[in-house]
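I have placed the structure first, in the form of structure tokens, so that the comments after it can refer back to it.
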Amino acid sequence: MYRKRGKRGKPMQMIGSDFDGTIVQRKTISTKTREQIEAFRKRGNKFVIVSGRTVAKMKEGLKKYEADFYDAIIACNGAAILDRNLNLIEEQTMDEETVKKLLRDLAAYDPVADGGRAVSFALQDGQAMPALPDNAQAFRNGPYVDVVKRGVSKAAALRKLTGRYEVERLFTIGDGLNDIPLLDCAKDSYSFAHCPDEVKAHARTIHTNIEDVLEDILHIQS
């Protein structure tokens, strides 16, 4: 099967990385991180930001942190895929009745809907996870819960992009519970020493910070 080639004739590779707590650490994106990502991309590879943020919040984050080192964006835990110019190229939405039911059933949690892509709310300490419709599923990251259409995940969206770009090797990076599917979808998966054990159990390699992860990936390529 024909595979797209990066520079130097090497097969196309891709990194799919979470944003908050991963690329952004201690409320900043380091100069070294930016340089490492650009070095990866200059070899003809693709870098994809994979976030639980809504599309609007993702755009805010990109502007705030002056992040322009991506080839595509996955937002809403996989419910939305955007291209390099932040144009929506695909989305997975829940039907109107499901969204209305979620807002009604979750009223005590002050839920917020992002159109049909997600319904989000926060759980306080001691609160149990509420029941959800069969055609919806939830991703939790700390106290926050994002409900999306069943079958949607960061991994499912990233797999679509690996097919689109005919990627030969995939690296994934994440730090939260909603990154577990992302970590599971690649043989080369990375997390951090400070992350919950439940998350680290799904990563092949554990490092201290994002710079060490990217250095590892660049070394593999060399």
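Pairs please, first residue from the range 209-220 and within 15 Å of L170 (Cα to Cα) and of a type outside the set (S, T, N, Q), second anywhere and in a helix (DSSP H, G or I) and modelled with pLDDT of 95 or more, Cβ atoms under 8 Å, 6+ apart in sequence or on different chains.
Within 8 Å, the pairs are L214/T33; L214/Q36; L214/I37; L214/F40; I217/F40; L218/Q36; L218/A39; L218/F40.
What number of residues within the range 210-222 satisfy the criterion of being open to solvent by 40 Å² or more (accessible area, probe 1.4 Å) and touching a helix residue (DSSP H, G or I) at 6+ places or on another chain (Cβ under 9 Å)?
Of the residues in the range 210-222, 2 are open to solvent by 40 Å² or more (accessible area, probe 1.4 Å) and touching a helix residue (DSSP H, G or I) at 6+ places or on another chain (Cβ under 9 Å).
If you scan the range 1-21, which residues turn out to be part of a strand (DSSP E or B) and at pLDDT 95 or above?
Result: Q13, M14, I15, G16, S17, D20.
Could you tell me whether the range 59-82 includes any residue that is of a type in the set (K, R), open to solvent by 30 Å² or more (accessible area, probe 1.4 Å) and touching a Ser or Thr at 6+ places or on another chain (Cβ under 9 Å)?
No, because not a single residue in the range 59-82 is of a type in the set (K, R), open to solvent by 30 Å² or more (accessible area, probe 1.4 Å) and touching a Ser or Thr at 6+ places or on another chain (Cβ under 9 Å).
Might you check whether a residue that is under 19 Å from the mean Cα position of the chain (by Cα), more than 19 Å from K154 (Cβ to Cβ), in a helix (DSSP H, G or I) and free of Cβ contacts under 8 Å to residues at least 60 places away in the same chain occurs anywhere in the range 74-97?
no
Taking T31 and the conditions (1) under 14 Å from the mean Cα position of the chain (by Cα); (2) among the β-branched types (V, I, T); (3) open to solvent by 70 Å² or more (accessible area, probe 1.4 Å), which numbered condition does it fall short on, given that it satisfies the others?
(1)
Tell me the residue from R159, R140, R164 that is in a strand (DSSP E or B) and open to solvent by 60 Å² or more (accessible area, probe 1.4 Å), please.
Among R159, R140, R164, only R140 is in a strand (DSSP E or B) and open to solvent by 60 Å² or more (accessible area, probe 1.4 Å).
Name the single residue that is nearest to R164 (Cα to Cα) among those in the range 30-63 being out of contact with any Asp or Glu (no Cβ under 6 Å at 6 or more places or on another chain) and part of a loop (DSSP other than H, G, I, E, B).
N45
The values are calculated or read from the model by the stated rules, or taken from the named source; none is laboratory data. Please read all numbers here as calculations on a predicted model, not as lab measurements. No Cβ is skipped: glycine too gets one built from the backbone with ideal geometry, and neighbour counts run over all protein chains shown. The accessibility values were calculated without ligands, DNA or RNA, using every heavy atom of the protein model including side chains. Shrake-Rupley method; radii C 1.70, N 1.55, O 1.52, S 1.80 Å.
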